[in-house]
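The values are calculated or read from the model by the stated rules, or taken from the named source; none is laboratory data. What you see is a predicted model; the values in this text were computed from it and never measured. Cβ coordinates were reconstructed from backbone atoms using ideal geometry, including for glycine residues, and neighbour counts include every protein chain displayed. In case anyone asks, the SASA skips ligands and DNA or RNA and just uses the protein heavy atoms, side chains included. Shrake-Rupley method; radii C 1.70, N 1.55, O 1.52, S 1.80 Å.
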Amino acid sequence: MPGIVIVGAQWGDEGKGKVTDLLAERADAVVRFQGGNNAGHTIVRNSQTWKLHLIPSGILHAGTLCVIGNGVVVDPKVLTDELDELRRRRVDIESLRISANAHLIMPYHLMLDHAGEAKLGKLQIGTTRRGIGPCYADKAARLGIRVQDLLDEKILKKKIVAALEPKRLSLRPFAKDPRLDLQTMTEEYLTYGHVLERHIQDTTRLVHEQLDSGQLVLFEGAQGALLDIDHGTYPFVTSSNPVAGAACVGAGVGPKDIDEVWGVAKAYATRVGAGPFPTELDGQMADDLRQKGGEYGTTTGRARRVGWIDLVALRYTARINSLTALALTKLDVLSGQDRVRVCTRYRGAEGAEFYDFPYHQTVLHHAVGDYEELPGWSEDVTECREESDLPAAAREYLQYIAEFVGVPISLVSVGAGRDQVVWTQASVGMVGGAAQAPAGAQ
Ligand code: IMP
């Protein structure tokens, strides 16, 4: 009954798609448990690039059950477009299941997301404007519309009316927008219902069946722990919980169903949108790293902010997720630096030092990284496949991170291709790692 959770250990965009894709090879099911199409996973297979926003990366493995869990917020337009694109590229989509209890992103959620950000002006969060926050807000207010409602015209209409009533004032600027017309909206969503109907199911029970019959189930997180609405850099966060514990809530399983928790982190750090980022770089170094790492958003195309790896934050996210393994991505991007820096503490206002991730917003906003410098490496590492292929300085860098964070590094990604990966000795014996570990490491 192994259950493995894969989460982002930084601010999202860590390369979870690739890690999930690798582990999905052996998995029987891949389940998404939170977030929506604010996420974007890029997977490169057989020189083809796939960009998925809602559908679990497992869909590219024929026969793997793919589940959109109850904790996800679903924009049915995006989902049906994504299904069309997969179908067009001859991917079998029959294994997709969508929780009847997942909440739907409605046209007014998109409008409210735009309007909310515009109103915040300089204080804006920099959301992806996909309606995520307003949708989760309606869920909490018990005004949400769920996937199951797509299948019943009367209920759908009634719920839309109830959801719109308290928003009348804030939606006034959009009063003439045809997307808000009750009849049009109902018909549009009923059409999505027809298209999606055969994928809609009680996915909680489905996941139980998988676990109870000993299948390997991956729970695929979106975003990253530092964007968690409870544990991240609030209010500059997303509106769900990207931490591992949310896999239980967002898929309907208990903590005992989880055997391993893999945290994915880049070999450096990036962040999209506003909010504190203690190790942020600017100037030429930032431009070079952004360019080399292709650090532009999959979902919005925005240039990402970049910085050195933040081990204070990483040790914190390792703890709140109970990480059992770290997957470190994009090591190749750091090749060519004379020295590499790792942030091991923060310096605050008036020289205060912080060794733990500060809970206080003001402290965090003023925190800047203090660093240890380690030797860099000039070698191209994109062809490395075993730990011993890596330059000594790169191995030293990995060892420093694993020891500081207190979590073993199970795999290192050295390029976008799915073969560009180094399985480490530490992955042997892990449920998610054993099969892929190089023969020499067994
Ligand atoms: P929202 O999730 O669209 O409400 O955006 C809230 C914050 O989370 C913004 O700073 C976004 O840039 C960030 N965010 C949301 N999804 C992702 C993601 O998949 N990767 C990185 N940042 C994200």
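Quick notes on this one:
- Filter pass, V73 being open to solvent by less than 20 Å² (accessible area, probe 1.4 Å), in contact with a strand residue (DSSP E or B) (Cβ under 7 Å, 6 or more places away or on another chain) and closer than 20 Å to P235 by Cα: yes
- Residue ID - farthest from the ligand (Cβ to nearest atom), chosen from residues in segment 275-302 that are open to solvent by 60 Å² or more (accessible area, probe 1.4 Å) and not in a helix (DSSP H, G or I): D282
- Contact map, segment 272-288: first residue under 20 Å from L311 (Cα atoms), second residue away from the ligand (no atom under 16 Å from the Cβ) and open to solvent by 40 Å² or more (accessible area, probe 1.4 Å), Cβ cut-off under 6 Å, separation 6 or more or different chains; pairs are P278/V368.
- Residues considered: G348, G376, G429, G415. Of these, the only one that is closer than 26 Å to W50 by Cα and among the small types (G, A, S) is G415.
- Selected residue (criterion: nearest to the ligand (Cβ to nearest atom)) from residues of segment 113-127 that are under 21 Å from H53 (Cα atoms) and open to solvent by 30 Å² or more (accessible area, probe 1.4 Å): T127
- Taken over segment 313-350, the residue count meeting the criterion of being free of Cβ contacts under 8 Å to residues at least 12 places away in the same chain and on the phi > 0 side of the Ramachandran plot is 1.
- Evaluated against (1) under 17 Å from the mean Cα position of the chain (by Cα); (2) over 26 Å from E383 (Cβ atoms); (3) of a type in the set (S, T, Y), T279 falls short on exactly one condition, (1).
- Residues being part of a helix (DSSP H, G or I) and either open to solvent by 70 Å² or more (accessible area, probe 1.4 Å) or touching a residue at least 60 places away in the same chain (Cβ under 8 Å) (or both) - total across segment 160-182: 9
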